[in-house]
Amino acid sequence: MEMQQLRYFAAVARTGNFSRAAAACRVAQPSLSQQIRKLEEEVGERLFERTRPHARLTGAGVLFLPHAEEILARAERGRREVGEMHGRIGGRLAVGVLPTIAPYFLPELVRVFRRKYPAVELVVHEETTARLLKELEEGGLDLALVSDVPPGTRAELESLLTEELLLCGPARHPLFARRRLVAADLQDEKFILMQEGHCLGTQAQKFCRTKGFHPHISCRSAQIGTVLAMVRAGLGVSLIPRMAREEGSRGVVYRSLDGLRPRRTLYLAFPQPRRPHRAADEFARLARAQARAMEKTAT
């Protein structure tokens, strides 16, 4: 029984899919499948029910999973502690982040982190808040950057950053010729929002409902870049986080709404109970510093 086999097994169990597990492990799917079969031969039982496109744990797989995760966790802690004996922070750090945060918040943060801690293997998972919290609970992540956290979550949460959602629309839209814009001005507009399950789309709809109307949704996308491209094409307006604003972009105008402005809060989420992990602590420290700098810039 090899550590790599256990890693592949845990990845398939976590993702429920051989292709996604292979991508997460950075290995070809045939190689991953072969190692899973070898592990099943050694265990003496099938660990997965394979029904396309899903892979579900069998009864034996359910029993085996916590043992595999414990072995992997102990090995990782051992590797990390040996490195820390000499003052070196190393090991593997799995960070979950929303797609509406990752392209705007992570690049500079990761650049600084990699410069300070080059021995750490940093793995980034982009998913919705619900999926990230589930991975955090199951031990697949060391920390996550999330928003719009549902009540009753088991994660330890720390408020990181609150930012304004800006109204964006086509540059020649008559709405943006007005000196003042309030939420009531948007009642008849067509909205382009993030897909269901993405916090940003939910936050935009909640804001509109608090202002007494339901937005007319003409289109949805899973990427902010696509939302902005559709706005640029004149297909509607949207509410976009300040950090996602494209400075100097042609064809799109960004405005703050007068009155109570829409906002979103970003959180650092940690497993509960929180596991000792120096690399995660350092990543969180740098994330706090960057969030403070961003808030100063926005004011």
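Using only helices, what value at 222 nm comes out for the chain when you add -39,500 (n - 2.57) per DSSP H run of length 4 or more and divide by the total residues, to the nearest 500 deg cm²/dmol?
Value at 222 nm, helices only: -14000 deg cm²/dmol.
In nm, to one decimal, how far is the modelled label at residue 37 from the one at residue 206, with both set 7 Å along Cα→Cβ?
Calculated label separation equals 4.8 nm.
Taking the 0 to 90 degree range and rounding to the nearest ten, how far is the long axis of helix 278-298 tilted relative to the main principal axis of the chain, both from C-alpha atoms?
10 degrees
According to the Cα gyration tensor, what semi-axes, each the square root of 5 times an eigenvalue, does the equivalent ellipsoid of region 217-296 have, listed from largest to smallest in whole Å?
33, 15, 13
Starting from the Cα-Cα distance between residue 297 and residue 285, subtract it from 0.36 nm times their residue separation and give me the gain in nm to one decimal.
2.4 nm
Residue 26 versus residue 74, label points 7 Å from Cα toward the beta carbon: distance in nm?
Calculated label separation equals 2.7 nm.
With everything on Cα atoms, drop me the angle between helix 3-15 and the longest principal axis of the chain, reported from 0 to 90° to the nearest 10.
With rounding to tens, the tilt is 40 degrees.
Going by amide H atoms built from the backbone, whose H comes under 5 Å of the H on residue 93, apart from near neighbours?
Correct list: 121, 122, 123.
Can you tell me the alpha carbon radius of gyration of region 1-87 divided by the globular rule-of-thumb value 2.2 N^0.38 Å?
Cα Rg divided by the expected 2.2 N^0.38 Å: 1.15.
When semi-axes √(5λ) of the Cα gyration tensor in Å is calculated directly from the model, which label among (i) 41, 23, 16; (ii) 27, 22, 20; (iii) 33, 22, 18 fits?
The calculated read-out lines up with (i).
Would you kindly state how much longer the chain becomes between residue 178 and residue 256 on full extension, computed as 0.36 nm times their sequence separation minus their alpha carbon distance, in nm to one decimal?
The span from residue 178 to residue 256 would gain 26.9 nm if fully extended.
Read-outs throughout are calculated quantities, based only on the coordinates presented, and are distinct from any laboratory measurement. Just so it is clear, the model here is predicted, and its values are computed rather than measured. Cβ coordinates were reconstructed from backbone atoms using ideal geometry, including for glycine residues, and neighbour counts include every protein chain displayed.
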